[in-house]
Amino acid sequence: MMTWANMQADVAAPTTHEAEIEIKLDARHVNFFYGDFQALQDASLAVQARKITALIGPSGCGKTTFLRIFNRMHDLTPGTRATGEVLLDGHNVLSPDIDVINLRRQVGMLFQRANPFPKSIYDNVAYGPHILGWSKQQISEIVEESLKDTGLWEEVKDRLQRSALNLSGGQQQRLCLARALAVKPEVILMDEPASALDPIATLRIEELMQELKKRYTIVIVTHNMQQSARVSDFTAFMLMNERRAGEVIEFGPTDDIFNRPKDSRTEDYITGRFG
Amino acid sequence: MSRLLTRVLLDRFVSALIVLSVMLAAIPVLVLLLFVLIKGLPGMLAPGFFTSPPHPVGVPGGGVFNAIIGTLEIVGIGSLLAVPFGTLVGIFLSEYGRNRIGDTVRFVSDVLTGLPSIAFGIFGYTVLVATLHHFSAVSASVALAVLMLPVVLRATETALVLVPQSMREAGLALGAPRWRVTIEVIVPAALGGIVTGALLAMARAAGETAPLLFTALGNDFTQVDPLQPMGALALTVFKNALLPYSDLQDQAWAAALLLVLMVAVTNILARVYVRRIQR
Amino acid sequence: MRRGTAAERVIPAPLVASSRQRRLLAGDRIFQGLALASAILILLIAAIFMVALFLPALPAIRRFGLGFFVTRTWDPVRQIFGALPALYGTLVTSAIGIVIAFPIGLGAALFLAEEARLGFLRGPLSFAVELLAGIPSVVIGLWAFFILTPLMRDNVDPFLRQTLGFLPLFQGTANGYGYLTAGVVLAIMVLPIMVALSRDVIRAVPRALREASLALGATKAETIWSVILPYARVGITGAVLLSLGRALGETIAVTMVIGNRPVIAASLFSSGYTLPSVLANEFTEAVGPLYQGSLFYLGLVLVLITIAVNVLARVLVWRFSGSEPASL
């Protein structure tokens, strides 16, 4: 466990750790601004490859903001600015010469509400590969593979040309996951992916995450502590400071955060004293 | 009489007034449509109404073939100009227009919406008729296109703005460039509203008369060359109504009925299309 | 780096922009440029539009200047042109239209927005009003020309002369064509706008306000009078102005029933002229730059007036919705 204390203290040198630890995504001292308002302050996070890292904290603590920086979704909001570094395999994704399109291809995203395109089930999953210009044959293989990976194939294989909007909420969210998987990302960002789902559909998504982490690196934002405890390998606890900017208070293996928090504020939150 | 009773009676009276005003508002529609139907139907069913051009005054028979072709062609060319262009401006307003240019375009479009339709006729006349030295169908199409533009672009903007932001983000998060997400995801998602706007604009253009007086002028012969003067149903109604021949007046009623039917069908198509898309 | 089976087939592209990716981003710039160009083009068209209204009027503007607005003569033979009769006719007919349409439209709007008792009528009535908005103005003109004018001549006008004949407004002979008939036609034509806009404004009155009033024991009528109408006043004014803008510029239907005579008369039964109907009626026969120019001068005046009215209306409506409390 000394490793993790070190990592937090010295995020600048994650590569010095034991060989089996591979840091996929490494955010260092990230600040984020909406115009003059600072929404994130000095946030750092080292995301391990093929693990699930959860961001928890009360609403407004900047966890979604933090997540959206990892694939530069904040570019879409005018007047925003991020400083610091977010290294993906050693490349700083915040640098201006980064290829945003390719970054987003490698760092996929699943949203709070299922947002399938108003197209057929097939076309939803095929959209990303289609943009990448892959062959028809390749695309149809990938669609099937992605739908199988998300457990949807058996449910929808007979109605691939039907509108995706006819699916149930849980199916839609899994379709969105399949859509994200179809472009072969390495990291998947999930922004409260189960917040609009019923418990059974939520369970389904959580099971999938365990399956997917064998091949993908997952970062999930959740307001649900139980969910974080259930699914994640590592947890970062975030909180708003006195100037309303979000900070990472504590980061470590989920087990430690929930059972042996080092910071009293984490303990207060975990035990339900605020939030 | 007690004070309460007065108040209750006053309340009843106001309610009665409100119901009366609704009746008064609804009566013109019913009366109008009834008359157009009764007076227009015989003329419409007369042989040759749809298939032959007008006969000279005094020769019985004749139809409005020239005007049907004219209305379709003038509105058709106008739509070809206005719909793609207006849609593109609508896309600009919704996707890139949260700035001064966007606000200016919105303001200008609102001003254009409020202009009297005759102003579009003057525009078409000055820009195309006066410069080419003769009246033409295409000048009418251009005038109507400018008249349709604000309807198309505001409908497009409204429809696009209603597409959830997360749909754009989902597309971009797949590594799609923004323009492809706009064309392949956002516009299809808003297609119902865009098509409705275009159809409503076409319906409005088909019913316009004043702009045509200055541009297409009218033509009793069947003309398909867009550079020549051309007839139109609205012009037939206007001109024939004022002529002192009862058979031509009957034709005006029939042409009016046909015009109303065309406008109504376009409107119904718009509604049906939206319903089909929403399903 | 170890990778799962699913990703093995695809070689990840480097994060630093490749030429293919640059092309995709160039597409973004091209598309945005295209959209921007179309937006600028429409501004350009609007500019050309205004110039196209102004230029052909120049001969008349040079000749008559502002005196155009106070000249009562419109005489193509003597080449003397003044806008006063048409200006007067436009204002009088529009005023009549609004005076008739305002109470009816407001009542209908109150019904659509407030009345619960005859709720089943709401759908059909909304539909009827929408239908009316879609009927081409030439069709309304045709109906007015053949049906409304005889009705006015034989029934309405004599009745008004008998009952209100002591007013100069309702004196003199009536042939059915004139200010009053045109005003009635305009009332019919602006009714849909009046109803739709007022209904939306009234619906925007917070529910809590009317419920508070009713809970205090006020009757429906008292609530309308003391809560709803004061609250919606600005928005309703905007609706009236937008209706006025429509009435001022209405051409064909008015041309068919106004009588088309360049006179100024106190009696509403009298024939007259309006700005757009002079244009529609005389355009094809206008010869010579001064005659044509005078027609275009009328058109320019009409457009400037309608723009002023519309902008004022939009500012009012915008203020109203802008200052509206979000929710209670």
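The figures follow:
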read-out: Search result, residues across the stretch B:200-233 that are under 23 Å from residue B:130 (Cα atoms) and not in a loop (DSSP other than H, G, I, E, B); value: B:205, B:210, B:211, B:212, B:213, B:217, B:230
read-out: Checklist (1) in contact (Cβ under 8 Å) with a residue 24 or more places away in the chain; (2) assigned to a helix (DSSP H, G or I); (3) farther than 30 Å from residue A:182 by Cβ; (4) within 13 Å of chain C (Cβ to nearest Cβ) applied to residue B:131, failing item; value: (1)
read-out: Search result, residues across the stretch A:77-130 that are within 27 Å of residue A:169 (Cβ to Cβ), of a type in the set (D, E, K, R) and more than 8 Å from chain B (Cβ to nearest Cβ); value: A:123
read-out: Restricting the stretch A:168-201 to residues that are of a type in the set (S, T, N, Q) and in a loop (DSSP other than H, G, I, E, B), the residue that is surrounded by the fewest Cβ atoms within 10 Å (Cβ to Cβ); value: A:168
read-out: Filter result for residue C:227 (buried (at least 18 other Cβ atoms within 10 Å of the Cβ), modelled with pLDDT of 95 or more and in contact with a Ser or Thr (Cβ under 8 Å, 6 or more places away or on another chain)); value: no
read-out: Where residue C:217 falls short, out of the listed (1) within 14 Å of chain B (Cβ to nearest Cβ); (2) over 25 Å from residue C:112 (Cβ atoms); (3) under 22 Å from the mean Cα position of the chain (by Cα); value: (3)
read-out: Boolean, residue B:237 is β-branched (Val, Ile, Thr) and either within 11 Å of chain C (Cβ to nearest Cβ) or in contact with a strand residue (DSSP E or B) (Cβ under 9 Å, 6 or more places away or on another chain) (or both); value: yes
read-out: Test: residue in the stretch B:109-119 that is assigned to a helix (DSSP H, G or I), over 30 Å from residue B:230 (Cβ atoms), of a type in the set (A, V, I, L, M) and at pLDDT 95 or above; value: no
read-out: Residue among C:208, C:204, C:128 that alone is within 30 Å of residue C:117 (Cβ to Cβ) and either free of Cβ contacts under 8 Å to residues at least 60 places away in the same chain or within 12 Å of chain B (Cβ to nearest Cβ) (or both); value: C:128
read-out: Leading residue by the ranking (farthest from residue C:193 (Cα to Cα)) among those in the stretch C:259-317 that are hydroxyl-bearing (Ser, Thr, Tyr) and in contact with a helix residue (DSSP H, G or I) (Cβ under 7 Å, 6 or more places away or on another chain); value: C:294
read-out: Filtered residues of the stretch A:233-256 (kept if over 15 Å from residue A:66 (Cβ atoms) and in contact (Cβ under 8 Å) with a residue 40 or more places away in the chain); value: A:233, A:243, A:252, A:253, A:254, A:256
read-out: Checking residue B:17 against (1) of a type in the set (A, V, I, L, M); (2) modelled with pLDDT under 90; (3) under 23 Å from residue C:119 (Cα atoms), the condition it does not meet; value: (2)
read-out: Residues satisfying the stated conditions in the stretch B:12-53, i.e. among the β-branched types (Val, Ile, Thr) and either buried (at least 18 other Cβ atoms within 10 Å of the Cβ) or assigned to a helix (DSSP H, G or I) (or both); value: B:14, B:18, B:19, B:22, B:27, B:29, B:31, B:36, B:38
read-out: Number of the exception - residue C:98 against (1) more than 8 Å from chain B (Cβ to nearest Cβ); (2) closer than 30 Å to residue B:243 by Cα; (3) in contact (Cβ under 8 Å) with a residue 40 or more places away in the chain; (4) assigned to a helix (DSSP H, G or I); value: (2)
read-out: Cross-chain or 6+ apart pairs with Cβ under 9 Å, the stretch A:166-184 first and more than 12 Å from chain C (Cβ to nearest Cβ), then basic (Lys, Arg); value: A:166/A:159; A:167/A:174; A:169/A:113; A:170/A:204; A:172/A:113; A:173/A:113; A:173/A:204; A:174/A:204
read-out: Qualifying residue in the stretch B:235-254 (condition: among the small types (Gly, Ala, Ser), surrounded by fewer than 21 Cβ atoms within 10 Å (Cβ to Cβ) and farther than 17 Å from residue C:277 by Cα); value: yes
read-out: Test result for residue B:245, more than 24 Å from the chain's Cα centre (by Cα) and more than 8 Å from every other protein chain (Cβ to nearest Cβ); value: yes
read-out: Breaking point among (1) in contact with a Leu (Cβ under 7 Å, 6 or more places away or on another chain); (2) at pLDDT below 95, for residue A:67; value: (2)
read-out: Any chance residue B:70 is part of a helix (DSSP H, G or I) and touching a Lys or Arg at 6+ places or on another chain (Cβ under 9 Å); value: no
read-out: Residues of the stretch C:61-81 satisfying the condition of being surrounded by fewer than 15 Cβ atoms within 10 Å (Cβ to Cβ) and of a type in the set (Phe, Trp, Tyr); value: C:69
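The values are calculated or read from the model by the stated rules, or taken from the named source; none is laboratory data. Model, not experiment: these values are computed from the prediction. Every residue, glycine as well, gets a Cβ built from its backbone with ideal geometry; the counts of neighbours run over all protein chains shown.
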